[in-house]
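**Student:** I have a structure here, written as structure tokens, and I will follow up with some questions on it.
Every number here is computed from the coordinates shown, using simple stated rules; none is lab data. These figures come from a predicted structure and were not determined experimentally. FYI the Cβ positions are ideal-geometry reconstructions off the backbone, even for glycines, and counts take in every protein chain you see.
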Amino acid sequence: MGQKRRRLALSCVACRRRKVKCDRTYPTCVRCQKGGVSCDYVSYTAKDGLPTPSDESPHQQRESSVASWTEEANVWYHRSKERDSNVRTQEDVTPNPASSTQRGPPQTKSIQDLHERILELETHLVARASHSLSTERFKGRPNLPSLSSDKTALQDFERSLLRGQGFKTQYMGPSHGASLLLQFEELSGFVKDILHRLPTLQRARSDWKQKRREIKPSIVLPDHETLLSLIPDQATTDKLVQLYFEVLETTFRVLHAPTFFRSYKEFWVASHESPTAFLVQLLLVCAAANAVLSNKPAAFVGPSSVQRDTATKWIEVCETWLDLQSQKHMTLEVFQVQVLITVAKKMNCVKLKRAWTVAGYLLRLAMAIGLHREPTFLNKRISPFDQEMRRRLWFTILELEIQASLDRGMCASLGPLDWDCLAPLNIHDEDFDQTTDKMPPPRPMTEFTRTSFLCLAQRHLPLRLEVLSRINSVRTCIDSDNALDLDQRLRQYLDDIPHWTDSLAKIASQPMSQLLLHEFLLQIHQPIVAQGDLQARLFFSRLARQDAALSTVRIYTELRPNTAVMLTNLRDDLFRALLALCSVMIISLESKDLKHDRNATLTLIERGVDIMENRIRLLGQGFHSYWLTSSALGLLHSKLSPERLPEALAQETADRVAGLHRYMMELQVNPVDGLGDGVEEAAMNTANTLVGMSGQLPNVAMPELEQFAPIGAQFNAFSDTLFDFDMTDIWGLPNYQQFA
């Protein structure tokens, strides 16, 4: 008996797939018209057989997001009315419904429609793969030809919502209840009908809002006069703003320089007319650079320099102002304040143990307003200026979060597939402003702009995330083969860094571009070397780690002193590189397989330790890493000079640390606002522990110092001094070898 012949399918593909009755109306059945689904019929002259699940019609594109529930319901309501009208018109011009069962294949779409459809699909694919594919051909993205200018045009393929305009946006993913509106059109029309029938509901809503404002107690913000009184004199402020823009606004991108400086000039002409948001921004810009500006004699309030103490108070005032701002009515200026506070805290070493959680909160706040989504794909009400600022802020926040995760030893909160925001354009800030209708084409990467660092960093961002997940994962690890592969890919990006001739690029952008990659090169080879295996196959990892550490320290020593301190506040790579170099030299003394200039390397290590000491002299912070590197340097000296007594070398290290402590104690001043009463007295009472170490110690037998061996209770000899030892004693851990 032969195979049973299947009956021809006369229903459209969409109705067959949903297993519902189809009225077979040509060219579009009523169900597909009401559902906004493309209606396709099988042409048996073109192919045999029945449609398979892969022959489904394209997904329904969703309506562009709108600003309010009323407007959203209105959009869907008019769409339903138009479709009902089209159905009635079509039924009037169809005299014989039975004739609809006999028809040929559907009409061919015009070439222009197909061309626009292809462009739209290509744009969507770019958003999906924007992290790994070059987007050079899509640089005109703010005005893509595939995006219709019609307010009710269909322009999205997903079930996600980005509602609002500018920075007053809210992002809701597929699981959010509002996404049901995209499939449940009758509900939108029904709600709209209710709003028309019940005008008292709208009046009651307005009355309740007014009543709520009257009941809610008034909030006292830091007033305008208070903020004005905190801003330094113009000469000092000019230096602080210049330093901030030279270092931080050529790496991270938070502010639009022309907009900021226009307000800055107006501020010195009529300060009382400046917006409060600008005063907060200016105060945070000053706070970010205040501690490293050596324009005043050094002075300390307890364990903090006066400059850092002042900056910390500015940050607290700005935080108070920010906490009282509405997230519902977010603006670009307020969100910039949010990012500036995070940067200013890093620059002043404020609450370092919370740095990772603070960066994670900032990342989630950015996702809550949809910065991780490309605005041109989800919302047409965001101006080209705001679109570009959103991209800059998003990748700045990503860099802050990744660095905080790396310094904390955690995996990043996001993966490469968790955002589709396109990279910022490599253009000058002067190339666009709030009146720009179409963004200019990007400049080549060989031409330096303030955004060049961020444009370069996003290219290898997925690779750095991969390395970060491997080195900090609790389940995966890096073997020698993985390390070699990752090393090759990182070095390719390192070779691609342009050699900018602009003097501004050499201050921070070019060094930071190299430091990003050298830090990850050091990290991928660290686990291999920590195995302690001296076989030839691991020789490359030891050599690569040495090269990455040397390059990192060399870059820091070539920076301006204040720039070097600012970068050590942002990153812990100098600390890790110094420890790695000390380990490399000690291993080379025993294995004889790593040949290098010991004197040059030793000089480089000493200069790196000097940078960390300068950080303490400017801020009063960072002693933990300074103490560890000083101790590692002392251990290295003991290996290089075995003829010297161990107690003499230990005494030199203690004298160096004690001298720095004495320097801080001699420059103590009374706090300005009286908040630190008793700080100086408490500091003086505990100082004797450390200062006493600088005296002559009795000639007692010192234990033999093994390579990076745990030294037990001796490590916490200075635990009750001004210096912060409230961090894990990594040398006392059972697995201390991993830091060697």
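**Student:** Take the Cβ-Cβ distance between Thr357 and Ala9 as r, set R0 to 56 Å, and report the resulting FRET efficiency rounded to the nearest 0.05.
**Tutor:** With R0 = 56 Å, the Cβ-Cβ based efficiency is 0.45.
**Student:** Distance cut-off 24 Å, Cα to Cα: go down the list Lys328/Lys380; Lys296/Lys506; Lys168/Lys239 and report the pairs above it.
**Tutor:** Lys296/Lys506; Lys168/Lys239
**Student:** Can you give me the Cα centroid spacing of the range 631-653 and the range 315-388 in angstrom?
**Tutor:** 48
**Student:** In what sequence do Phe278, Phe623 fall when counting other Cβ within 10 Å, fewest first?
**Tutor:** Placing the least packed residue first, the sequence is Phe278, Phe623.
**Student:** Now for a different question. With each pseudo-label sitting 7 Å past Cα toward Cβ, what's the Arg554-Gln234 distance in nm, one decimal?
**Tutor:** Going by the 7 Å Cα→Cβ label model, 4.6 nm.
**Student:** Additional query: Sorting Glu466, Glu273 on the 10 Å Cβ count, fewest up front, what's the list?
**Tutor:** Result, fewest neighbours first: Glu273, Glu466.
**Student:** Given 0.36 nm per residue, what is the gain on full extension from Gln488 to Asp597 after removing their alpha carbon distance, in nm?
**Tutor:** Full extension from Gln488 to Asp597 adds 36.7 nm.
**Student:** Round to a whole angstrom and tell me the spacing of the C-alpha centers of the range 410-467 and the range 509-574.
**Tutor:** 24
**Student:** Then there is this: How long is the gain from Asp502 to Val20 if the chain were fully straight, where each residue apart is worth 0.36 nm and the alpha carbon distance is subtracted?
**Tutor:** Stretched fully, the Asp502-Val20 segment lengthens by 166.8 nm.
**Student:** Still on this structure, I have one more. Quick one: order Arg576, Arg17 by neighbouring beta-carbon count within 10 Å, fewest to most.
**Tutor:** Listing Arg576, Arg17 from fewest to most nearby Cβ atoms yields Arg17, Arg576.
**Student:** So what does the Cα-only Debye profile of the range 224-667 read at q = 0.08, 0.11, 0.12 Å⁻¹, as log10 I(q)/I(0), no solvent term?
**Tutor:** -0.48, -0.91, -1.07
**Student:** For the range 282-413, take the convex hull of the Cα atoms, compute a quarter of its surface area, and give me that in nm², please.
**Tutor:** Result: a mean projected hull area of 9.3 nm².
**Student:** Roughly how many nanometres apart are two label points built 7 Å out from the Cα toward the Cβ at Ala530 and Lys328?
**Tutor:** In this crude label model, Ala530 to Lys328 measures out at 4.9 nm.
**Student:** Beyond 17 Å, what percent of the Cα pairs of the range 456-574 remain?
**Tutor:** When all Cα pairs of the range 456-574 are counted, 58 percent exceed 17 Å.
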